[in-house]
Amino acid sequence: MPLADAYGGWSWNLITDVSQMWAFPFMVNAFRAGTVIAVGAGVMGWFMVLRRQSFAGHTLAVVGFPGAAGAALVGIGATYGYFAFCLTAALVVAAVPRAGRESEGREAAVVGTVQAFLLACGFLFTALYKGLLGGVTSLLFGSFLGITTTQVLVLLGVTVLVLAVLAAIGRPLLFASVDPDVAAGRGVPVRLLSTLFLVLLGAATAEASQITGTLLVFALLVMPAATAQALTARPVLSLALSALIAVAVTWLGLIAAYYSPYPLGFYVTTFAFAGYVLARAGGLAGRRRPAPLPAGGPA
Amino acid sequence: MTYGSGPATVLAASGWPGALGHPFFQHALLAGTAIAAAAGLIGYFLVLRAQVFTGDALSHVAFTGALAALALGYDPRLGLFAATIAVALLLGGLGRRGKVDDVAIGGIFSWVLGLGVFFLTLYTTSRSAANGGAGVNVLFGSIFGMSSGQARLAALVAVGICAAVVVIARPLLLASVDEKVAAARGVPVRLLGFGFLLLVGACAAEATQAVGSLLLLGLLAAPAGAAQRLTDRPYRALALSAGLAVGEMWAGLGLSYAVPQVPPSFGILAAATAVYAATFVPVPKRRPAPVAA
């Protein structure tokens with residue numbers, strides 16, 4: 001049953017509808033938390049896509065599930081579980097040696113094994129903790145109901161911290177992402193930056209997991225960023241665009257989930273994917289035209 | 001059905017030596033062995049071709065496929081195969097030579113996963129509440145819940161996949177190791193890339209029944225990764241990968257039988273991860289061998 005049905009439906013008056021929706025503290029908190037998470041995920045995801053670390057990002061997102069399930073099993077807050085597992089996994093992934101393109105497959109094998117094993121651990125934890133079995137779906141696919149004001153404040157704090165560290169290392173990180181060899185030659189500590197970035201990514205996914213669920217964080221990380229990078233090649237502009245798209249997608253998702261019986265995760269991923277497809281289709285259409293400029297657009 | 005409540009109570013009563021006497025264990029062993037062999041063979045090529053992320057994406061697609069079929073009232077296996085094979089072809093079509101950009105993969109599969117949640121809601125709200133565990137079963141597998149017909153069919157399909165891999169192993173190996181040389185020698189690299197993705201899709205659909213769509217990646221990646229660390233010779237590694245996968249499947253099933261609280265998919269994954277981790281332990285060389293072992 002759509003939540004809205006219980007409180008009066010869609011009235012086709014935007015202002016009434018929004019004020020009606022925001023009359024409920026849980027919706028206001030969902031919007032606050034969603035916005036904070038979307039900004040963090042949009043920015044971190046932009047760097048993740050740039051660095052071609054989607055698989056690592058997906059793994060970091062997924063390990064939040066055993067963290068939360070394990071925390072429930074031992075009886076502490078799920079937040080601790082998310083952060084403990086995501087940050088540890090970030091360090092493990094960072095420790096996997098990267099040596100040239102030939103090792104790409106083997107590196108992915110390690111990451112993939114870690115990911116599947118941790119998911120299996122999560123399943124074991126939920127099997128041991130019987131009461132949670134119904135909650136597997138909400139851990140994996142998220143829930144926007146019942147977010148407390150304290151949670152919003154914690155999310156805000158973590159996001160501000162992550163973004164502050166990112167702002168401090170942003171320029172060298174961008175350099176190291178675009179051309180690691182040249183950056184290393186100029187004395188940029190590429191490896192240290194890479195580790196630091198993965199830890200930040202772990203923190204961002206840990207907090208986002210709490211609302212979108214561990215399986216769908218990845219959608220917020222990868223798709224707004226990919227859309228923004230398909231639209232413009234200018235770093236600062238596309239970074240801002242990525243955060244903006246993430247926020248827009250989250251808001252639309254929340255509104256749609258409020259007015260319909262289907263889950264938030266479905267709407268967020270669908271809107272994000274639609275944006276990505278439109279951006280890519282637009283880009284392809286633009287490139288097909290016999291452009292006077294050499295292909296590739298403004299670099 | 002929740003794990004540890006159905007067959008597990010029967011298990012606790014009997015004890016380990018009687019495992020093979022239980023039909024459900026025989027079915028699990030039959031299907032599991034064939035599935036593990038197929039996953040080991042396919043996984044070796046996935047790792048070799050650096051397409052592990054593609055395998056991951058296909059395993060998530062399996063979730064959506066199974067739930068879509070359930071929501072629409074069909075056999076979940078129909079959805080599994082239809083969805084994974086369709087997406088495998090889509091991914092193959094997107095990339096050159098059957099390889100795909102990881103951002104495109106990520107975008108597609110996270111949306112497909114979102115779609116899976118949609119079908120899960122549709123299924124759990126529209127159909128009987130007794131099937132509330134369907135999502136969990138698809139995600140994490142239910143190998144102890146297979147009927148004899150299901151197990152036989154699964155084993156047949158898995159044997160078919162194995163046979164197909166063995167048939168194309170030689171050209172596929174060449175195409176994976178050195179695309180340009182293979183193309184120059186007249187190997188149809190692009191076609192092989194497509195064919196391989198098709199097999200990955202079929203294998204993903206197949207293995208989902210045993211370990212579930214979320215854990216499938218471990219069965220694909222861990223034995224293959226371990227085999228590649230143990231030997232450099234391709235055919236030996238290919239055989240080793242399949243052998244390890246089968247052994248890990250048996251170990252996992254046995255572990256789960258001996259300790260009923262442990263779900264079988266966790267046992268299988270734990271065995272696979274332990275073997276892979278063991279290959280990273282540095283072995284002190286007994287003798288200063290002049291020849292590399």
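The values are calculated or read from the model by the stated rules, or taken from the named source; none is laboratory data. Predicted model, so just to flag it, every value in this text is computed and none were measured. For neighbour counting, all protein chains shown are included, and Cβ atoms are generated from backbone atoms with ideal geometry for every residue, glycine included. Calculation scope for accessible area: heavy atoms of the full protein, side chains included, ligands and nucleic acids excluded. Shrake-Rupley method; radii C 1.70, N 1.55, O 1.52, S 1.80 Å.
A count restricted to the range A:212-242 and to residues that are of a type in the set (A, V, I, L, M) and surrounded by fewer than 24 Cβ atoms within 10 Å (Cβ to Cβ) stands at 8.
Condition first: part of a helix (DSSP H, G or I) and modelled with pLDDT under 85. Now tell me which residues in the range A:13-28 satisfy that.
Here is the first cut: in the range A:13-28, the ones part of a helix (DSSP H, G or I) are A:14-21, A:25-28.
Of everything in the range A:13-28, those that are part of a helix (DSSP H, G or I) and modelled with pLDDT under 85 turn out to be A:L14, A:I15, A:T16, A:D17, A:V18, A:S19, A:Q20, A:M21, A:P25, A:F26, A:M27.
Within the range B:13-44, being aliphatic (A, V, I, L, M) and at pLDDT below 85 holds for B:A13, B:A19, B:L20.
Scanning the range A:185-225 for residues that are among the aliphatic types (A, V, I, L, M) and within 16 Å of B:G114 (Cα to Cα) yields A:A208, A:I211, A:L215, A:L216, A:V217, A:A219, A:L220, A:L221, A:V222, A:M223.
Of the residues making up the range A:59-75, those that are open to solvent by 10 Å² or more (accessible area, probe 1.4 Å) and part of a helix (DSSP H, G or I) number 4. Here A:G42 clears all of (1) open to solvent by less than 70 Å² (accessible area, probe 1.4 Å); (2) modelled with pLDDT under 85 except the condition numbered (2).
Restricting the range B:180-190 to residues that are part of a helix (DSSP H, G or I) and among the hydrophobic types (A, V, I, L, M, F, W, C) leaves a set whose member that is most open to solvent (accessible area, probe 1.4 Å) is B:A184.
Yes/no matrix, rows are residues, columns are (1) in contact with a His (Cβ under 7 Å, 6 or more places away or on another chain); (2) under 27 Å from B:L89 (Cα atoms); (3) within 11 Å of chain A (Cβ to nearest Cβ):
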position	(1), (2), (3)
B:A154	no, yes, no
B:R190	no, yes, no
B:V211	no, yes, yes
B:W250	no, no, no
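All conditions in (1) under 11 Å from the mean Cα position of the chain (by Cα); (2) in a helix (DSSP H, G or I) hold for A:T214, with the sole exception of (2).
Take the residues of the range B:229-247 that are within 12 Å of B:Y276 (Cβ to Cβ) and open to solvent by less than 10 Å² (accessible area, probe 1.4 Å): which is farthest from the other protein chains (Cβ to nearest Cβ)?
Applying the first criterion (within 12 Å of B:Y276 (Cβ to Cβ)) to the range B:229-247 yields B:229-230, B:241, B:244-245.
Filter once more, so that each one left must be open to solvent by less than 10 Å² (accessible area, probe 1.4 Å): B:241, B:245.
Values: B:S241: 11, B:A245: 12 Å.
The extreme case among them is B:A245.
When residues of the range B:191-226 are filtered for being in a helix (DSSP H, G or I), among the aliphatic types (A, V, I, L, M) and open to solvent by less than 10 Å² (accessible area, probe 1.4 Å), how many remain?
15
Put simply, of A:V158, A:V154, A:V199 the only residue that is open to solvent by less than 40 Å² (accessible area, probe 1.4 Å), among the β-branched types (V, I, T), assigned to a helix (DSSP H, G or I) and at pLDDT 85 or above is A:V158. Of the residues making up the range B:33-91, just one is under 15 Å from B:G212 (Cα atoms), free of Cβ contacts under 8 Å to residues at least 60 places away in the same chain and away from chain A (no Cβ under 14 Å), namely B:G79.
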